[in-house]
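Novice: Questions regarding the structure given below will be posed in turn.
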Amino acid sequence: MLDLKVYQSPIKPTWCPGCGDYGILNAVKNALAQLEIRPHEVMFVSGIGCGSKLPDYMNANGFTTIHGRSLPIAMGAKLANPDLQVICVTGDGDGYGIGGNHFLSIMRRNPDLVHVVEDNMVYGLTKGQYSPTSPHGFVTSTSPDGSIEVAFNPVATAINGGATFVARGFSGDPKHLATLIAAAVRHRGYALVDVLQACVVYNKINTYDFYRQRVYKLEEAGHDPTDRDGAWRRAQEWGERIPIGVLYQVAGQPTYEAQVNALAAGPVAKRPLAPLTAAQANALRREFV
Ligand code: SF4
Ligand code: MG
């Protein structure tokens, strides 16, 4: 196991005291340390939001992109250099709302990357508007009479949409969450880890206590993650009992990058840079101009 200090960033987190993102950051570091993945071997890609600041707080490669667009950029990084461990970090608004279509597309494509979603059911950075995962009736500045939308179910959508690894963790149990992130990293293919994240400022419903009273661990409940129908049924559970753990995993599905013919000669990032000859430049000009 690596020393956690190798991931220590000089930048101090600006999250509110008590924010669930601290637990998620700890879990990410612990997972990477357990797997002995060194900072130069990993790349974090994030969008915009409180949780999307996480790459700043890791000593590793990082790319903070625009709102909702981190998944395609993470996939581009993976295609350019499949040797990199790519971890995409988004919030629920960023990942499921603004970037919702990318979420639907990436699960069908199955690139080998991890997607950690800090799901606090609210847009925290912009001061608490309701998000796709906000519960029905959730009162915010943009839903003063309570949200009239049905909450989006990310894990059920991922199981239905072709994701090959679907897990749910809780920011108040970073040790358990680290095991899920480590399993997601070991998985070959798109791995979603939706994290029930406490936002102590803008979500007074789904608090640490709310979750502590309700979450139970799938691995202690005899759940078989290879059983897709069983995973689907567990994904419908919400209310008095909320499952956390690996809901679904199917091994051996081909990754997107393994099927791209242009990558058969090896990662683009590892090929020598060579200037075009005049003949090659002219051939390109003829093809495209
Ligand atoms: Fe965390 Fe909420 Fe504060 Fe954002 S607003 S840093 S999600 S507690
Ligand atoms: Mg959010």
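The values are calculated or read from the model by the stated rules, or taken from the named source; none is laboratory data. All values derive from a computational prediction rather than experimental measurement. All Cβ positions, even for glycine, are placed from backbone atoms using ideal geometry, and neighbour counts span all protein chains on display.
Novice: Before we move on, is Cys50 at pLDDT 95 or above and within 14 Å of ligand 1 (Cβ to nearest atom)?
Specialist: Judged against the criteria, Cys50 is a match.
Novice: Just the residues that are away from ligand 1 (no atom under 14 Å from the Cβ) and surrounded by fewer than 16 Cβ atoms within 10 Å (Cβ to Cβ), please, taken from segment 125-142.
Specialist: Once the filter is applied, which keeps residues that are away from ligand 1 (no atom under 14 Å from the Cβ) and surrounded by fewer than 16 Cβ atoms within 10 Å (Cβ to Cβ), segment 125-142 yields His136, Gly137, Val139, Thr142.
Novice: If I filter segment 77-93 down to residues being away from ligand 1 (no atom under 16 Å from the Cβ) and in a strand (DSSP E or B), which single residue comes out as nearest to Val122 (Cα to Cα)?
Specialist: Taking segment 77-93 and keeping what is away from ligand 1 (no atom under 16 Å from the Cβ), we get 77-88.
Add one more test, that the residue is in a strand (DSSP E or B), and what stays is 85-88.
Values: Gln85: 29, Val86: 25, Ile87: 22, Cys88: 19 Å.
Looking at residues that are away from ligand 1 (no atom under 16 Å from the Cβ) and in a strand (DSSP E or B), I get Cys88.
Novice: Considering every residue within segment 176-197, establish whether at least one is touching a Cys at 6+ places or on another chain (Cβ under 9 Å), at pLDDT 95 or above and more than 25 Å from Arg108 (Cβ to Cβ).
Specialist: Within segment 176-197, the subset touching a Cys at 6+ places or on another chain (Cβ under 9 Å) is 197.
Of the ones still in play, those that are also at pLDDT 95 or above are 197.
After this cut, where a residue has to be more than 25 Å from Arg108 (Cβ to Cβ) as well, the list is 197.
Yes - at least one qualifying residue is present in segment 176-197.
Novice: Can you tell me which of Ala158, Ala167 is part of a strand (DSSP E or B), surrounded by 24 or more Cβ atoms within 10 Å (Cβ to Cβ) and away from ligand 2 (no atom under 11 Å from the Cβ)? Explain how you work it out, then say what you get.
Specialist: On the way: Ala158 fails: part of a strand (DSSP E or B).
After applying the criteria, what remains is Ala167.
Novice: Against the definition (away from ligand 2 (no atom under 16 Å from the Cβ) and crowded, with 19+ Cβ neighbours inside 10 Å), how does Ile98 come out, yes or no?
Specialist: On the way: away from ligand 2 (no atom under 16 Å from the Cβ): no; crowded, with 19+ Cβ neighbours inside 10 Å: yes.
Answer is no for this residue.
Novice: Checking Asp56 against (1) acidic (Asp, Glu); (2) surrounded by fewer than 17 Cβ atoms within 10 Å (Cβ to Cβ); (3) within 12 Å of ligand 2 (Cβ to nearest atom), which test does it fail?
Specialist: (3)
Novice: A further question on this structure: When you go through (1) among the polar types (S, T, N, Q); (2) farther than 21 Å from Lys204 by Cα; (3) not in a helix (DSSP H, G or I) one by one for Thr14, which number turns out not to apply?
Specialist: (2)
Novice: Restricting to segment 23-76, and then to whatever is of a type in the set (Lys, Arg) and not in a helix (DSSP H, G or I), can you tell me which residue is nearest to the chain's Cα centre (by Cα)? Even if it seems obvious, please write down each step before you answer.
Specialist: Filtering segment 23-76 for residues of a type in the set (Lys, Arg) gives 29, 38, 53, 69.
Right, trim to not in a helix (DSSP H, G or I) and you get 38, 69.
Details: Arg38: 19, Arg69: 12 Å.
Checked segment 23-76; the qualifying residue nearest to the chain's Cα centre (by Cα) is Arg69.
Novice: Would a scan of segment 203-216 turn up a residue that is assigned to a loop (DSSP other than H, G, I, E, B) and either within 30 Å of Glu36 (Cα to Cα) or among the small types (Gly, Ala, Ser) (or both)?
Specialist: Here is the first cut: in segment 203-216, the ones assigned to a loop (DSSP other than H, G, I, E, B) are 203-207, 213-214.
From what is left, the residues that are either within 30 Å of Glu36 (Cα to Cα) or among the small types (Gly, Ala, Ser) (or both) are none.
Checked against the condition, which is being assigned to a loop (DSSP other than H, G, I, E, B) and either within 30 Å of Glu36 (Cα to Cα) or among the small types (Gly, Ala, Ser) (or both), segment 203-216 yields no hits at all.
Novice: Let me ask another. Inside segment 226-261, can you point out the residues that are under 19 Å from Leu113 (Cβ atoms) and buried (at least 16 other Cβ atoms within 10 Å of the Cβ)? Lay out the reasoning, then the answer.
Specialist: Here is the first cut: in segment 226-261, the ones under 19 Å from Leu113 (Cβ atoms) are 246-260.
Answer for segment 226-261, where residues must be under 19 Å from Leu113 (Cβ atoms) and buried (at least 16 other Cβ atoms within 10 Å of the Cβ): Val246, Leu247, Tyr248, Gln249, Val250, Thr255, Tyr256, Glu257.
Novice: Can you go through Val89, Val122, Val114 and tell me which one is modelled with pLDDT of 95 or more, crowded, with 21+ Cβ neighbours inside 10 Å and away from ligand 2 (no atom under 14 Å from the Cβ)?
Specialist: On the way: Val89 fails: away from ligand 2 (no atom under 14 Å from the Cβ); Val122 fails: away from ligand 2 (no atom under 14 Å from the Cβ).
When all the criteria are applied, what remains is Val114.
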